[in-house]
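Participant: Once you've had a glance at the structure underneath, I'll fire off some questions.
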Amino acid sequence: MKPRFKSILSLTALAALQLLFVLPYFFSGALAAEATGAFGPAPVLAAGDYPKVTGVNPRMFVWMAAQMHLWFAAFVLAVPIFVLLLEVVGVIRKEKRYDKVAYEFLRVSLTAYSITAITGGLLLVGLIVFYPDLMKYLSSIFGSTMLLYALFFFVESAALYLYYYGWKPMSSGGLKWAHIGVGLLLNASGTTLMFIANAWVTFMMTPAGVDMAGVFDGNIWHAVRNHLWGPMNLHRFIANIAYGGSIVAAYAAYRFLGASGDKEKAHYDWMGYTANLVAIGALLPLPFAGYWLTAEIYAYSQQMGITLMGGLFAWLFIIQAVLIGALFLAANYYLWCGFKRGVNGERYLKYVRYLAFVIAATFLVWFTPHTLILTPEEASSLGGQYHPLLGPLGLMPAKNIAVNIMLLFTFLSFLLYRRSHRTPTVKWARAGNAMEAALFTAAIANIIFLGVYYGYFTNSVYKVASSVPQVATTLFVIAACLVIEYLMHRNSETAELKWGRVPDRSQYALFLIAVSFTWLMGLMGFVRSAIRQHWHVYSVMRDNSPDAFTPSIAYAAKTVSVGTIIFMAIVAFIFWLSHMGREGEADE
Amino acid sequence: MRLLKFALTSLFFYLLLKAPGFFWDKPIPSSLVSMYMFFIVITVLLVMTITDEGARGLFAPIRALVEDPSKKLVRNAVFVILPLAAVFLAYDGGGLKATPSELRATHPAPPPLTRGYGKTFDLATLENPFRKIEKEDPEAFKSLVKEGGEVYFKNCFFCHGDKLDGRGHYAHALDPKPLPFTGGDTIAQLQESYVFWRILKGGPGLPREGGSSISAMPAWEKELTEEEIWKVILFLYDYTGNTPRSW
């Protein structure tokens, strides 16, 4: 049997298996509802209702399976978005290299796709074995969406195989557009899958369509469209693009480091750069989607909001800040290392130290915690948990100032990078430069003023409100400068970029970005799910299993870190595999 | 020479971070200094290794020390001194001498409901019954604040201080210390329902999530009436010029 059919078959079998698991639950739930004519309340469970398997910690099992499934799912959802984008760009620009990279990447994601299905199966088995009553309750409400899920899973698998195996045969003329259509179908079904699964997860956090006792009103749309569904969909969608970009970039870095010739090096350098650009570009709007998500959590339950931001979980937000800061630092380093790709890059190298200073300074402000970890001596000389100098830095307004300036300076690095290989020839080049400088200065002044004035000298309500004009300022400057740059560099002297002319060190920045992303998703995902505390379905169905306590931050961080290592090891293995299989074939 | 520059730059920032402790007795906590320094050193390292020449220059002395045959004497000296220094540090106790630092949530999440005065308060919706009088009848509000002030000076100022800065007579003997109400870090960040819960239940009523959360703050539900607590809250905000968080 040809290997491709084998893999299609095994996948189909897996999907069918998953379906088989779900169906009885669906029907038992639906039948029960049918029999009584209405939906029952959420079951009240006792510790004995949770099956035990010696030697297996149920929570850990489900946690790990869910985490692995989520990482791989994010990967295989993101890569097709990316691949489709590249394919379309390739067609529009009529450049072969986009097509080549896109195809190369789709190949890598194929293995990941089957691992996604396997981990999904594991998760389902774990949930059904260890939390049968919860699953019964959820499927009595969500049964119909579970069927829909299975359906879309088939559609996605089919589209994926058509997309991959059709790449070469459908590579010209109208067929190419048909192929792009298949890619669109693939993405649409993948994203729908995620949206459906999001409905289940968000229902557990902010249940809707049920009363206090958990009795379902029968309208599935009510349960799906709960408080967090919208923001979660948006947040995960954007994050997936960023994540996909970072993984592709890491792959390119891996191949760059192992490249044998200059041509290969140049190719993977270019691929890494492009993928990283997409990753960072998608990262920029992510905090705002995050704000929306958090605001909705607060709006649904203040208790949940304070648990999230005010209590001990706040420390995970500090870790988040550290990781995101490290991510930005790495992204900037990557850009700076790339200055040398352009002929004029040399002349911008001397500015790097100032850029670095500002970015590092804002980064330090950004992760300064409000409540400090103190030794008793320090606590007694400070006379409390707060430091007179650092206290204000620990509050939101300072962080908003810091993050906006960090974004602006990252953008500045990007502008300098672009100029490393172009020299404007328009007459008003000087005026244009001055205009950009003025924009930056005004923006920074405005951001600081808004933050300091509204943040520290007015009522709390304005504190949050002021972050909106700050962000607007940043985005406006970025947009305006891009327009000026575009006009200024029309017909400019553009030198060919010397791809491949970067130090190997820069590639490690790409690895760091991918690992940071993965880690972040795990840690913040833990927080997101842990703020439910001792509830399966928040305030409706109580978790009475022996594991219904919030683990310490250290425990959670260790679990996620081990998960990250396992995931990264598998990804490295996939990279290696995809490379292996191709060694013999000529890379056209 | 680049190596020296690297060391000096890092040292400069380190001293900068230590300065508030030396000159002002307000040390930046060592946990934070190490976090800051970690990223400062990395950033300096990054900046100095953007180009290959830069990186080579930076590490040249180290490479020479290990590889250069003419540096044999120095090399041997360094390889003897380094382990000895490590031994000394370990013997001396190093970082272990300091008392362990504590991770404590000063403002842990409140429970959704709390009981007192024979009823149940829902902290999500609870409001200060006197707050609306502030706009409706400023005069009456003033006298309520004054009564709150009396409650404060009869019960609270021993610990929280007569300027509400957390420096009362007893404060120096307590750990954790009484919190100040001035400044933007405490009640300015809280809703009145939260402050109400803290006064009602005190240190004994703190949830366990905040680590060891024993504090000397008494639970006032047996000593003060519900109205008195609301009034003293009015006083705390009024005196310090803070406004309660409203969202």
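The values are calculated or read from the model by the stated rules, or taken from the named source; none is laboratory data. Source: prediction; values computed, not measured. Every residue, glycine as well, gets a Cβ built from its backbone with ideal geometry; the counts of neighbours run over all protein chains shown. Surface accessibility is based on the protein's heavy atoms, side chains included, excluding ligands, DNA and RNA. Shrake-Rupley method; radii C 1.70, N 1.55, O 1.52, S 1.80 Å.
Participant: Need a quick list: helices (runs of 4 or more DSSP H) entirely within the range B:135-222 having at least 1 residues that are among the β-branched types (Val, Ile, Thr) and either open to solvent by 40 Å² or more (accessible area, probe 1.4 Å) or more than 11 Å from chain A (Cβ to nearest Cβ) (or both).
Facilitator: B:138-155, B:192-201
Participant: Could you tell me whether any residue of the range A:108-119 is surrounded by fewer than 21 Cβ atoms within 10 Å (Cβ to Cβ), under 25 Å from the mean Cα position of the chain (by Cα), among the polar types (S, T, N, Q) and closer than 28 Å to A:Trp221 by Cα?
Facilitator: The answer is no; no qualifying residue exists.
Participant: Would you mind finding the one in A:Thr550, A:Thr564 that is at negative phi, hydroxyl-bearing (Ser, Thr, Tyr) and open to solvent by less than 10 Å² (accessible area, probe 1.4 Å)?
Facilitator: Working: A:Thr550 fails: open to solvent by less than 10 Å² (accessible area, probe 1.4 Å).
Result of the check over A:Thr550, A:Thr564: A:Thr564.
Participant: Next question. Among A:Arg353, A:Arg419, A:Arg347, which is the only one that is over 32 Å from the mean Cα position of the chain (by Cα) and not small (Gly, Ala, Ser)?
Facilitator: Working: A:Arg353 fails: over 32 Å from the mean Cα position of the chain (by Cα); A:Arg419 fails: over 32 Å from the mean Cα position of the chain (by Cα).
Every option except A:Arg347 fails the conditions.
Participant: Out of curiosity, is A:Tyr50 closer than 18 Å to A:Met170 by Cβ and surrounded by fewer than 23 Cβ atoms within 10 Å (Cβ to Cβ)? Working first, answer last.
Facilitator: Working: closer than 18 Å to A:Met170 by Cβ: no; surrounded by fewer than 23 Cβ atoms within 10 Å (Cβ to Cβ): yes.
So A:Tyr50 fails the test.
Participant: Restricting attention to the range B:130-177, which residues are over 17 Å from B:Gly203 (Cα atoms) and among the hydrophobic types (A, V, I, L, M, F, W, C)?
Facilitator: Residues satisfying the conditions are B:Phe130, B:Ile133, B:Ala140, B:Phe141, B:Leu144, B:Val145, B:Val151, B:Phe153, B:Leu164.
Every residue, every condition in (1) touching a Phe, Trp or Tyr at 6+ places or on another chain (Cβ under 9 Å); (2) within 19 Å of B:Trp220 (Cα to Cα); (3) of a type in the set (S, T, N, Q); (4) assigned by TED's automatic domain parsing to the domain that holds B:Glu228, yes or no:
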site: B:Glu127; (1), (2), (3), (4): no, yes, no, yes
site: B:Glu134; (1), (2), (3), (4): yes, no, no, yes
site: B:Glu147; (1), (2), (3), (4): yes, yes, no, yes
site: B:Tyr170; (1), (2), (3), (4): yes, yes, no, yes
site: B:Ala173; (1), (2), (3), (4): no, no, no, yes
site: B:Pro178; (1), (2), (3), (4): yes, yes, no, yes
site: B:Gln189; (1), (2), (3), (4): no, no, yes, yes
site: B:Trp197; (1), (2), (3), (4): yes, yes, no, yes
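Participant: I would also like to ask the following. Just name the residue that is surrounded by the fewest Cβ atoms within 10 Å (Cβ to Cβ) out of those in the range B:1-41 that are farther than 21 Å from A:Leu374 by Cα and among the charged types (D, E, K, R).
Facilitator: The qualifying residue surrounded by the fewest Cβ atoms within 10 Å (Cβ to Cβ) is B:Lys5.
Participant: Please go through the range A:266-282 and give me each residue that is surrounded by 20 or more Cβ atoms within 10 Å (Cβ to Cβ) and under 17 Å from A:Gly338 (Cβ atoms), ordered by number.
Facilitator: A:His267, A:Tyr268, A:Asp269, A:Met271, A:Gly272, A:Tyr273, A:Thr274, A:Ala275, A:Asn276, A:Val278, A:Ala279, A:Ile280 - these are the residues of the range A:266-282 that are surrounded by 20 or more Cβ atoms within 10 Å (Cβ to Cβ) and under 17 Å from A:Gly338 (Cβ atoms).
Participant: Mind counting the residues in the range A:157-190 that are more than 24 Å from A:Ala73 (Cβ to Cβ) and in a loop (DSSP other than H, G, I, E, B)?
Facilitator: So the count comes out to 5.
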